[in-house]
Every structure is written in structure tokens, then in C-alpha cells.
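First comes the structure, then the notes that go with it.
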Amino acid sequence: MIVVSDTTPLISLMKADSLPLLAPLFGEVLLPEAVYAELTSNPRFAEEAKQISSCAFLRVVTLNEPRAVDILRRANGLDLGESEAIVYADGVKADVLLMDEAKGRAVAKSMGLRIMGTIGVLLFAYEEKLLSVDRTRRALETLKLANRHISDDLFSYALSKLESQSF
């Protein structure tokens, strides 16, 4: 399975102490260079950068299409990490693109890419029995309390999935 990630899902999974779930769910997760730079270059987040750089299941990849990235950025107002993630995912025909931001998701969907956000990763981990109901609920609540831009509707939907336990 080819999985490419943008920055925000990785940050959110770190906040929910759930980043290691990506390994059993997907094996390897590909990070375009701009995504990796966003995750590791801010000195205020040195501990998080260390966590990212030490993950054996995260692999930094280089894009060979800077023009495509530039066009996508200018046409849609996306940041560099989002643009590289979308262009790379499209180029390698990724099975999944991990992305949370609404604008980036809309662009990626319009290009036919399959998207999964942080909430989707947590629910998938629950479905695969990597997380208990309680652990999944705590992760969701942690994200909500950390102001990770989870709408009330999405939060309620995720909790209802857990309560129904019918995937």
C-alpha cells in the first residue's frame, strides 16, 4: 500500500499519542521533503521533530515536479507541504493521502485521490483492533481539547461510530 502524508495528520496523531499506529496500519508512510521540513524545522518543537525523525516507518521522498507543485500552489492557495503531498500522491498513484485541511482535501478529491484524515486513521485503527473503544475515545477527546479543528459534527460522527461499533 502506498500512503503519502501531509503535515497536520502527523501533528495531530502525535498530540493524541497515536503516531505509532501508522506502522501497523500502513507499513511505510511517505513524506515529501516540504512536509518533513514543516515537521522538523521549527526549534520550538524540537521534541516533536525528534519523534518524527526517529520513526522508521516515515520515509522522506523527493519530488521531481517542482513546476507542478508551483502551479498547484498558485492555482489553489495551498501551502508547500500540501501541494507536494498532493502532487507526489498523484504521481505515484498513492492508495491513500493523509490530509486534514479542507481546501487541500477538496483539491485532492477533485484529482481522484483517496483521502483519510486523522479521525479516519483513529477509526481505522479501532476497526483493525489496534485501539480499544476507550483509547480511541480518549484520542478523539485529546484532539478536540487541543483545538485540532475538529468540527462538532465530525466529532459526534466519530463517537457514534465507536458507540455503534458497526464498521
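Could you tell me which numbered condition Phe45 fails, if it satisfies all but one of (1) touching a helix residue (DSSP H, G or I) at 6+ places or on another chain (Cβ under 9 Å); (2) modelled with pLDDT of 95 or more?
(2)
Filter the stretch 127-137 down to residues that are closer than 13 Å to Ala158 by Cα and touching a residue at least 12 places away in the same chain (Cβ under 8 Å) and give me whichever is farthest from the chain's Cα centre (by Cα).
Val133
Which condition breaks for Ala158 when tested against (1) surrounded by 17 or more Cβ atoms within 10 Å (Cβ to Cβ); (2) modelled with pLDDT of 90 or more; (3) part of a helix (DSSP H, G or I); (4) not hydroxyl-bearing (Ser, Thr, Tyr)?
For Ala158, the exception is condition (2).
Pick from the stretch 80-108 the residues that are within 16 Å of Ile11 (Cα to Cα) and of a type in the set (D, E, K, R): which of them is surrounded by the most Cβ atoms within 10 Å (Cβ to Cβ)?
Glu82
The values are calculated or read from the model by the stated rules, or taken from the named source; none is laboratory data. Since the structure is predicted, the reported quantities are computational estimates derived from the model, not experimental observations. Note: ideal-geometry Cβ built from the backbone for every residue, glycine included; neighbour counts use all protein chains shown.
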